[in-house]
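Chemist: First the structure, which I've put down as structure tokens, then a few questions once you've had a look.
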Amino acid sequence: MRALILALVTILLAGTVAGERAASGPLPRGYNGLAATPPMGWNNYNAYGLEVTEQLIRETADKMVSSGMRDAGYVYVTIDDGWMAGTRDASGNLRADPERFPSGIAALAAYVHARGLKLGIYEDAGVKTCGGLPGSLGHETADAETFAAWGVDYLKYDNCYAAESCGQYTCSSSNETERYAAMRDALLASGRPIVFSVCSWGTDAVWRWGAGYGNLWRTTADIQPTYESMVLLFKETVGLGGFAGPGGWNDPDMLEIGNGMSAVEDRTEMTLWAAMAAPLIAGTDLVHADAATLALLTNRAVIAIDQDPLGAPARVVSSDQGHYVLERPLADGDTAVVLFNETDTAAVMAADLSGSATDLWSGESTPGTIRTEVPAHGAMLYRVGQS
Ligand code: GLA
């Protein structure tokens, strides 16, 4: 009898420990109360790679204010890989590269906060970042506390060098949920609201588990500033809308607007990303961006589709030899409709509607059926409703 009771107690205790561990498993989408709509902001990586400095971040923050980007909703200014010194300090804490960031990250956070912006930073769920700098694996609590103390508001958490024995990308799917849960829980424990961006490039069908671990999750490999790359990421992501919603979003990577695609293609990226409820993280060299690029990024009617509070990403209602029609239900009962012509030849495309349609790029309204020529690589975006 004693032996039986002892065994039962042991089982119950084991159950408690297992239960505690299970608390590090998936949490409900929206677990941290952040990102009710897809995050919007800027990140240096697409335009500058690892060549990031505090001067660039300051100049970009200023430009985000003066250009109207901030007021259009782009509030997160994120420093990507390359910001760290090559080693931790004597206490094991992360530190910024003293030459590139002589004032330190806390001063930079204060600078962007004073301008009504928020600061994002980059780290990695492995032993090294993709650029070879110190990773957070095994240092999650200390690093989350460091970020919180500095005033960081957003963490992009990459997936290179998942263990000492791994190459840059070779073990990216090993222990992924544990590694991401460790930082998620550390961020929660820090007490500071920090948006958590899971940058695991679509490994292990991250859309199936991402919402339990972060506010957004990369669905694909890195975007390139080409039409082909942008369309590939659209195709890889558009069918995953059912996994996303308020608090957790599919992330087909940062925008390449202004980085070398044609004006038509730039507009197509903005249209498709808005339809998919993708995070709108400009990867543009904003300091030198021209007026057309800024106008495209700040179109309020298009941004309103991306940020619609219902948070229901578009689905493909028809696709025929590169001619796509997408629909997205909106919170006020309207519907967003996209006509996308992937092909290299202009095409007349049509959609039957009930109600009047406003072309969100031209501002023109048409009642009834939409029938229009869509340029090669072009996309039209309409808001259809009773008004
Ligand atoms: C990975 C990420 C990119 C960028 C680089 C930085 O490739 O997917 O978005 O952060 O690392 O090294």
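Chemist: Is there any pair with a first residue in the stretch 348-359 that is within 15 Å of LEU326 (Cα to Cα) and a second that is among the basic types (Lys, Arg) and assigned to a strand (DSSP E or B) whose Cβ atoms are under 9 Å apart and which are 6 or more apart or on different chains, and what are they?
Modeler: MET349/ARG371; ALA350/ARG371; ALA351/ARG371; ALA357/ARG383; ASP359/ARG383
Chemist: Just to check your reading of the model, which residue among GLY49, GLY30, GLY15, GLY41 is small (Gly, Ala, Ser), away from the ligand (no atom under 16 Å from the Cβ), surrounded by 10 or more Cβ atoms within 10 Å (Cβ to Cβ) and modelled with pLDDT of 95 or more? Reasoning before the result, please.
Modeler: Details: GLY49 fails: away from the ligand (no atom under 16 Å from the Cβ); GLY15 fails: modelled with pLDDT of 95 or more; GLY41 fails: away from the ligand (no atom under 16 Å from the Cβ).
Going through GLY49, GLY30, GLY15, GLY41 in turn, just one is small (Gly, Ala, Ser), away from the ligand (no atom under 16 Å from the Cβ), surrounded by 10 or more Cβ atoms within 10 Å (Cβ to Cβ) and modelled with pLDDT of 95 or more: GLY30.
Chemist: Going through VAL75, VAL127 one at a time, which residue ends up being assigned by TED's automatic domain parsing to the domain that holds MET270 and either touching a Lys or Arg at 6+ places or on another chain (Cβ under 7 Å) or polar (S, T, N, Q) (or both)?
Modeler: Numbers: VAL127 fails: either touching a Lys or Arg at 6+ places or on another chain (Cβ under 7 Å) or polar (S, T, N, Q) (or both).
Criteria check complete, one pass: VAL75.
Chemist: Restricting the first residue to the stretch 185-209 and requiring it to be among the aromatic types (Phe, Trp, Tyr), which pairs with a second residue that is part of a helix (DSSP H, G or I) meet a Cβ separation below 7 Å and a spacing of at least six or different chains?
Modeler: PHE196/ARG184; PHE196/LEU187; TRP207/LEU240; TRP207/PHE243; TRP209/THR177
Chemist: I need a count of the residues in the stretch 183-205 that are more than 16 Å from the ligand (Cβ to nearest atom) and crowded, with 20+ Cβ neighbours inside 10 Å.
Modeler: Restricting attention to the stretch 183-205, the residues satisfying the condition of being more than 16 Å from the ligand (Cβ to nearest atom) are 184-194, 205.
Keeping just the survivors that are crowded, with 20+ Cβ neighbours inside 10 Å gives 184, 186-187, 194.
Residues flagged as more than 16 Å from the ligand (Cβ to nearest atom) and crowded, with 20+ Cβ neighbours inside 10 Å within the stretch 183-205 amount to 4.
Chemist: If you scan the stretch 145-197, which residues turn out to be among the hydroxyl-bearing types (Ser, Thr, Tyr) and either assigned to a loop (DSSP other than H, G, I, E, B) or more than 15 Å from ALA109 (Cβ to Cβ) (or both)?
Modeler: So the first thing to find is which residues in the stretch 145-197 are among the hydroxyl-bearing types (Ser, Thr, Tyr), and the list is 146, 154, 157, 161, 165, 169-170, 172-174, 177, 180, 190, 197.
If the condition is that a residue be among the hydroxyl-bearing types (Ser, Thr, Tyr) and either assigned to a loop (DSSP other than H, G, I, E, B) or more than 15 Å from ALA109 (Cβ to Cβ) (or both), then TYR157, TYR161, SER165, TYR169, THR170, SER172, SER173, SER174, THR177, TYR180, SER197 are the ones that fit.
Chemist: Also, I was wondering about something else. With the structure loaded, tell me whether ALA149 is of a type outside the set (Val, Ile, Thr), more than 16 Å from the ligand (Cβ to nearest atom), surrounded by fewer than 24 Cβ atoms within 10 Å (Cβ to Cβ) and more than 26 Å from ARG88 (Cα to Cα) or whether it fails that test.
Modeler: No; evaluated as a whole, the condition is false for this residue.
Chemist: Looking at (1) more than 30 Å from ASP306 (Cβ to Cβ); (2) surrounded by 14 or more Cβ atoms within 10 Å (Cβ to Cβ); (3) out of contact with any Asp or Glu (no Cβ under 9 Å at 6 or more places or on another chain), which one does PHE101 not meet, given that it meets all the others?
Modeler: Going through the list (1) more than 30 Å from ASP306 (Cβ to Cβ); (2) surrounded by 14 or more Cβ atoms within 10 Å (Cβ to Cβ); (3) out of contact with any Asp or Glu (no Cβ under 9 Å at 6 or more places or on another chain), PHE101 breaks only (3).
Chemist: Now, a different point. Restricting attention to the stretch 156-181, and to residues there that are of a type in the set (A, V, I, L, M, F, W, C) and buried (at least 20 other Cβ atoms within 10 Å of the Cβ), which single residue is farthest from the ligand (Cβ to nearest atom)?
Modeler: To start, the set of residues in the stretch 156-181 that are of a type in the set (A, V, I, L, M, F, W, C) comprises 160, 162-163, 166, 171, 181.
Going one step further and asking which of them are buried (at least 20 other Cβ atoms within 10 Å of the Cβ), we end up with 160, 162, 181.
Numbers: CYS160: 7, ALA162: 13, ALA181: 20 Å.
The qualifying residue farthest from the ligand (Cβ to nearest atom) is ALA181.
Chemist: Which one is farthest from the ligand (Cβ to nearest atom), of the residues in the stretch 251-271 that are of a type in the set (S, T, N, Q) and touching a Gly at 6+ places or on another chain (Cβ under 7 Å)?
Modeler: Start the filter on the stretch 251-271 by keeping residues that are of a type in the set (S, T, N, Q), which leaves 259, 262, 268, 271.
Checking the rest, the ones that are also touching a Gly at 6+ places or on another chain (Cβ under 7 Å) come to 259, 268.
Values: ASN259: 14, THR268: 21 Å.
My answer is THR268.
Chemist: Grab the strands (runs of 3 or more DSSP E) fully contained in the stretch 216-329, keeping just those with 1 or more residues being under 23 Å from VAL77 (Cβ atoms) and of a type in the set (D, E, K, R). If you could, list the steps in order and put the result at the bottom.
Modeler: Working: elements: 216-218, 249-251, 280-282, 315-320, 323-329.
Of the strands (runs of 3 or more DSSP E) lying wholly inside the stretch 216-329, those with at least 1 residues that are under 23 Å from VAL77 (Cβ atoms) and of a type in the set (D, E, K, R) span 216-218, 249-251.
Chemist: Could you list, in sequence order, all residues of the stretch 114-131 that are of a type in the set (A, V, I, L, M) and in a strand (DSSP E or B)? Walk me through it before giving the result.
Modeler: Of all residues in the stretch 114-131, those of a type in the set (A, V, I, L, M) come to 114, 117, 119, 121, 125, 127.
Across the stretch 114-131, the qualifying residues are LEU119, ILE121.
Chemist: Inside the stretch 82-98, can you point out the residues that are within 15 Å of the ligand (Cβ to nearest atom) and either touching a helix residue (DSSP H, G or I) at 6+ places or on another chain (Cβ under 7 Å) or not acidic (Asp, Glu) (or both)?
Modeler: Filtering the stretch 82-98 down to residues within 15 Å of the ligand (Cβ to nearest atom) leaves 82-84, 86, 97.
Those that are within 15 Å of the ligand (Cβ to nearest atom) and either touching a helix residue (DSSP H, G or I) at 6+ places or on another chain (Cβ under 7 Å) or not acidic (Asp, Glu) (or both): GLY82, TRP83, MET84, GLY86.
Chemist: Checking the conditions here, which among GLY311, GLY368, GLY283, GLY322 is surrounded by fewer than 12 Cβ atoms within 10 Å (Cβ to Cβ) and either among the small types (Gly, Ala, Ser) or at positive phi (or both)?
Modeler: On the way: GLY311 fails: surrounded by fewer than 12 Cβ atoms within 10 Å (Cβ to Cβ); GLY283 fails: surrounded by fewer than 12 Cβ atoms within 10 Å (Cβ to Cβ); GLY322 fails: surrounded by fewer than 12 Cβ atoms within 10 Å (Cβ to Cβ).
Answer to the selection: GLY368.
Chemist: Please determine, by comparing only the residues of the stretch 210-227 that are of a type outside the set (Lys, Arg) and within 11 Å of the ligand (Cβ to nearest atom), which one is nearest to PRO246 (Cα to Cα). Explain how you work it out, then say what you get.
Modeler: Step one: of the stretch 210-227, the residues of a type outside the set (Lys, Arg) are 210-217, 219-227.
Those still in the list that are within 11 Å of the ligand (Cβ to nearest atom) too: 220-223.
On the way: THR220: 20, ALA221: 23, ASP222: 24, ILE223: 24 Å.
Selected residue: THR220.
Chemist: Tally time: how many residues in the stretch 357-387 are of a type in the set (Lys, Arg) and either modelled with pLDDT under 95 or more than 18 Å from ILE305 (Cβ to Cβ) (or both)?
Modeler: Here is the first cut: in the stretch 357-387, the ones of a type in the set (Lys, Arg) are 371, 383.
Cutting the leftovers down to either modelled with pLDDT under 95 or more than 18 Å from ILE305 (Cβ to Cβ) (or both) gives us 371.
Going through the stretch 357-387 one residue at a time, the tally reaches 1.
Chemist: Also, I was wondering about something else. Which of the residues spanning the stretch 97-127 are within 22 Å of the chain's Cα centre (by Cα) and under 11 Å from MET84 (Cα atoms)?
Modeler: ILE105, ILE121, TYR122, GLU123
The values are calculated or read from the model by the stated rules, or taken from the named source; none is laboratory data. None of the values given here were measured: they were computed from a predicted structure. In this analysis, Cβ positions are derived from the backbone assuming ideal geometry, glycine residues included, and neighbour counts consider all displayed protein chains.
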